[in-house]
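What follows is a single structure, written as structure tokens, with notes after it.
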Amino acid sequence: MFAFEIDPDTPKPALYDELLDAARALTEGEADSVANMANIAALIAQYVPDLNWAGFYRVVEDELVLGPFIGKPACIRIGHNEGVCGAAWAKGITQVVADVHAFPGHIACDGDTRSELVVPVIQSGRVTHVIDLDSPSLARFDKDDQTGIENIAKLLDGRI
Ligand code: SME
């Protein structure tokens, strides 16, 4: 097991720098994408407070299919442009949703979720995965969270 010291008083950008360093160290030289996604989901859940779900969906043919995650069992398949995850895939850009109930077509996998951040992972010019973070708090995600998870997505190019 890998233990990471996390100081809850660390400012958010510094916390995301530490998360990125840990993610780089854990995935360096490891070619197995499932292992890498599993460890990244676990790291995000350890480092980022106030989440009820964190994990991956993979683009498989014309659908997103559930990947490694931490949280309650979730919807397995999501169509192109369906829900927040499908929108991030279709548009190829991060979706920050302050209130999921105000997002048309939001897919409620976990009834506790109030806000959501979904970041596409782009490899060789196409979206191959999305990273999905759910929070039970309204408007939980800001620019620092977006930048932090987008940096993880960039790191994962070639690693998942
Ligand atoms: N809420 C997402 C579905 C995935 S779960 O939150 C884990 C969506 O609307 O795409």
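Descriptive notes on the structure:
- Screening the chain for whole DSSP H helices with an alpha carbon extent of at least 20 angstrom along the helix axis and a mean Kyte-Doolittle hydropathy of at least 1.0 yields 33-47.
- Computed from the Kirkwood radius of its Cα pairs, the Stokes-Einstein diffusion coefficient for the chain at 10 °C and 1.306 mPa s stands at 102 µm²/s.
- Estimated FRET transfer efficiency when R0 is 30 angstrom, pair Asp50-Lys91 (beta carbons, to 0.05): 0.70
- For Val121, nonlocal amide neighbours, meaning residues 5 or more places apart or on other chains whose placed amide H falls under 5 Å from its own, are Thr128, His129, Val130, Ile131.
- Neighbour-limited loop hits for GluC sites (Glu not before Pro), region 56-160 (at most 15 other Cβ within 10 Å; DSSP other than H, G, I, E, B): Glu61
- Only helical runs count toward this figure. For the chain, summing -39,500 (n - 2.57) over DSSP H runs of n ≥ 4 and dividing by all residues gives -10500 deg cm²/dmol at 222 nm.
- Rounded, prolate or oblate (a/c below 1.5 giving rounded, otherwise prolate when a/b exceeds b/c) for region 17-63 by Cα gyration tensor: oblate
- Percent accessible area from carbon and sulfur atoms, the chain, protein chains only, probe 1.4 Å: 52
- Cα gyration tensor shape for region 51-103, rounded if a/c is under 1.5, else prolate or oblate: oblate
- One decimal place: the segment Asp112-Phe2 gains 36.7 nm when fully extended, by the rule 0.36 nm per residue minus the C-alpha distance.
- Annotation: per residue accessible area for region 1-154 equals 49 Å², rounded to a whole number [probe 1.4 Å, protein chains only].
- Sorting the segments 151-158, 8-15 by their mean number of nearby beta carbons within 10 angstrom, highest to lowest, gives 151-158, 8-15.
- Cβ-derived FRET efficiency at R0 22 Å, Gln123 paired with Glu28, nearest 0.05: 0.80
The values are calculated or read from the model by the stated rules, or taken from the named source; none is laboratory data. Everything quoted here is computed from the prediction, not taken from an experiment. All Cβ positions, even for glycine, are placed from backbone atoms using ideal geometry, and neighbour counts span all protein chains on display. Only protein heavy atoms, including side chains, enter the accessible area calculation; ligands, DNA and RNA are left aside. Shrake-Rupley method; radii C 1.70, N 1.55, O 1.52, S 1.80 Å.
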